[in-house]
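To keep things clear, I will list the structure first and then write my remarks on it.
The values are calculated or read from the model by the stated rules, or taken from the named source; none is laboratory data. Nothing here was measured: the structure is a model prediction, and the numbers come from that model. Please note: Cβ atoms are built from the backbone with ideal geometry, for glycine as well, and neighbour counts cover all protein chains shown.
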Amino acid sequence: MNKSEIKVIGALKQEGRFASAQTLYQLLRKSGESTGLATVYRTLQKAAAENTVDVLRTDEGEALYRLCETGHHHHLICTSCGKTVEVEGSAVEKWANNMAKENGFRQVRHVVELFGLCQKC
């Protein structure tokens, strides 16, 4: 990982929750970093491909990123404050595997995101 990539991942860690590439870029600029927006996008895409960040899409289609500290999981996300909880989904996993098998698919991936209001909101 080069210096710019380390700075982008550092900004994502500092943010502590899901953030857009634009948000991270602004964070870096405010702290005096000269990392370009293209580098931010490239770094996030690379990290997503390596499964070191979680990615979710907003209703508007914007990608949001957050450091991933565990293996495969799903998210429960507050639509008001952005609080995110990683949740296991053994029933979802079983269902996805069964659907793939029944239809002759292999190497199937899936994404499940649950949205609602947290207890505080």
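Sub-6 Å Cβ pairs linking a first residue in segment 103-121 that is over 17 Å from VAL87 (Cβ atoms) to a second residue that is not in a loop (DSSP other than H, G, I, E, B), at least 6 apart or interchain, are VAL108/ALA100; CYS121/CYS78, ordered by first then second residue. Taking each residue of segment 37-63 that is assigned by TED's automatic domain parsing to the domain that holds VAL8 and touching a residue at least 12 places away in the same chain (Cβ under 8 Å) and looking for partners that are polar (S, T, N, Q) and part of a helix (DSSP H, G or I) with beta-carbon atoms closer than 6 Å, six or more apart or interchain, yields THR39/SER4. Need the failing condition index for TRP95 against (1) within 30 Å of GLY10 (Cα to Cα); (2) at pLDDT 85 or above, just the number. Of the numbered conditions (1) within 30 Å of GLY10 (Cα to Cα); (2) at pLDDT 85 or above, the odd one out for TRP95 is (1).
Scanning segment 1-45 for residues being more than 18 Å from LEU67 (Cβ to Cβ) and among the aliphatic types (A, V, I, L, M) gives a total of 2.
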